[in-house]
Amino acid sequence: MQEYQLEEYPGLNLYIALNKIREEQDSSLQFDFVCRAGICGSCAMVINGRPGLACKTLVSTLPKTITLNPLPVFKLVGDLSVDTGTWFREMAQRAGSWIHTDKEFDPEAVEERMSNEQALEIYELERCIECGCCVASCGTANMREDFMGAAGLNRIARFMIDPRDQRDGSDYFEVVGSDDGAFGCMGLMACDDICPKDLPLQSQLARVRRAMAKAAFAPKKKVAF
Amino acid sequence: MIEQWKLLKNPRLAARFDLIGMVTGLLLVFFMFGHAMMLATIVFGAETMDGLSMWLEDLYLAQAGAVGIVFVVLIHFVTAGRKLPLRVNEQKMIWRLTRRLSHLDTWLWLVQVVTGMLILLFVAVHLYFVLTTFPIEAVKSSTRVASNFGYFYAPMIIVIWLHLGIGLYRIFVKWTPFNRKILKVFKWLLILGFIADSLLVLKTFWAIGLQYVN
């Protein structure tokens, strides 16, 4: 564990503090940032035990001694830098994170309409910035590396709402109907409490769980090989 | 590439285990509500409780219930216990996360794991003494409590209601979109209310038993 001392001033946030340390005290210090505004999710780290965004954390809200750790679960690059990208890409591939439809795309056609409620609900879940805080604070994800985490289940919920996606319950069941998906969640809800974007993760995890329980008792599809 | 669990004969097993874990948990919750209410009849006197237990025994509900509950407890343990951190590495990871995170619901999950293990021990000892001294009678139970067995039942009460309250809360959290702030209030009301009620009933048993022990 390396220690640094820094003088606090009003408005100082962790992101600026880390930059000052890198500029003035240790040029080898590794941490990630891009947007500085809580939008990109790059500067997520464990701040005094709780995952959070460095750019959204004012030093004045923390005690005098601040302990920073890299996010667990993800591959460590160095110091406070972790590779969330690989994890999220694999999750997106597993979740089939795109609109599944057999309709041919017509670039000339007017876009299909959906209700305002549906659009708003999709938008709400699309606000996920893939920072990885929910995954890092999840008991199951910390114990079992194949668990899709709240971010993965939230992604599935987003496509379940989307009327353009033609997947049905049994299709989603193939993706999240296991202990690596909906049934791996133990309901500790640290994800819901810690999400820096305040996504409604509890209700979305419950939505996916209910849909998967229903799919588990639906008649099986006949598959011909 | 294909995930091989999908090729298994029944890939729906995880869902079914999860549901069975929940249903058996709910059955045990309802059983404990009934059990607590029936025990509370001691407050109205030993005759009231004996009358109720005789009625249950005449209908073989007490005998069948005891066997049935053992089965339900075991099924619940197997299905809900799938989530237990059994490997040393998993234990280290969850312990490190819980200590760092200072998140009450994560701590309470660990409480549920530990109380779940303790309940198996408590239930085994409790059932042994109840079934080997059948039929259930108020004086018999009171004497057992007053013969220092109350020190066994007092922690058992706390352990059971903690496990039950946290478990019921987590079922609602996992399956419903209800507001967690409200659920948390109900959880603590249920846990503290039933612990207080059960300790009061235990005290009544103890007071009756002392008359016979002395």
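The values are calculated or read from the model by the stated rules, or taken from the named source; none is laboratory data. Predicted, not measured: the structure shown is a model, and the values here were computed from it. Cβ atoms come from the backbone with ideal geometry, glycine included; neighbour counts cover every protein chain shown. Only protein heavy atoms, including side chains, enter the accessible area calculation; ligands, DNA and RNA are left aside. Shrake-Rupley method; radii C 1.70, N 1.55, O 1.52, S 1.80 Å.
Within region B:189-198, not a single residue is hydrophobic (A, V, I, L, M, F, W, C) and closer than 24 Å to A:Arg144 by Cα. Kindly provide the set of residues from region B:166-209 that are within 24 Å of B:Leu121 (Cα to Cα), away from chain A (no Cβ under 14 Å) and either open to solvent by less than 30 Å² (accessible area, probe 1.4 Å) or hydroxyl-bearing (Ser, Thr, Tyr) (or both), ordered by number. Hits for region B:166-209 are B:Ile191, B:Ile195, B:Ser198, B:Val201, B:Leu202, B:Phe205. When every residue of region A:28-36 is checked against the conditions, at least one turns out to be among the aliphatic types (A, V, I, L, M) and not assigned by TED's automatic domain parsing to the domain that holds A:Met143. Condition (residue is surrounded by fewer than 15 Cβ atoms within 10 Å (Cβ to Cβ), more than 18 Å from the chain's Cα centre (by Cα) and among the basic types (Lys, Arg)) applied to region B:130-146: is it met by at least one residue? No, every residue in region B:130-146 fails to be surrounded by fewer than 15 Cβ atoms within 10 Å (Cβ to Cβ), more than 18 Å from the chain's Cα centre (by Cα) and among the basic types (Lys, Arg). Remark: A:Met160 falls outside the filter, which requires a residue to be within 11 Å of chain B (Cβ to nearest Cβ) and either among the aliphatic types (A, V, I, L, M) or open to solvent by 10 Å² or more (accessible area, probe 1.4 Å) (or both). Taken together, A:Ala136, A:Ala206 contain a single residue that is within 11 Å of another protein chain (Cβ to nearest Cβ) and in contact (Cβ under 8 Å) with a residue 24 or more places away in the chain, which is A:Ala136.
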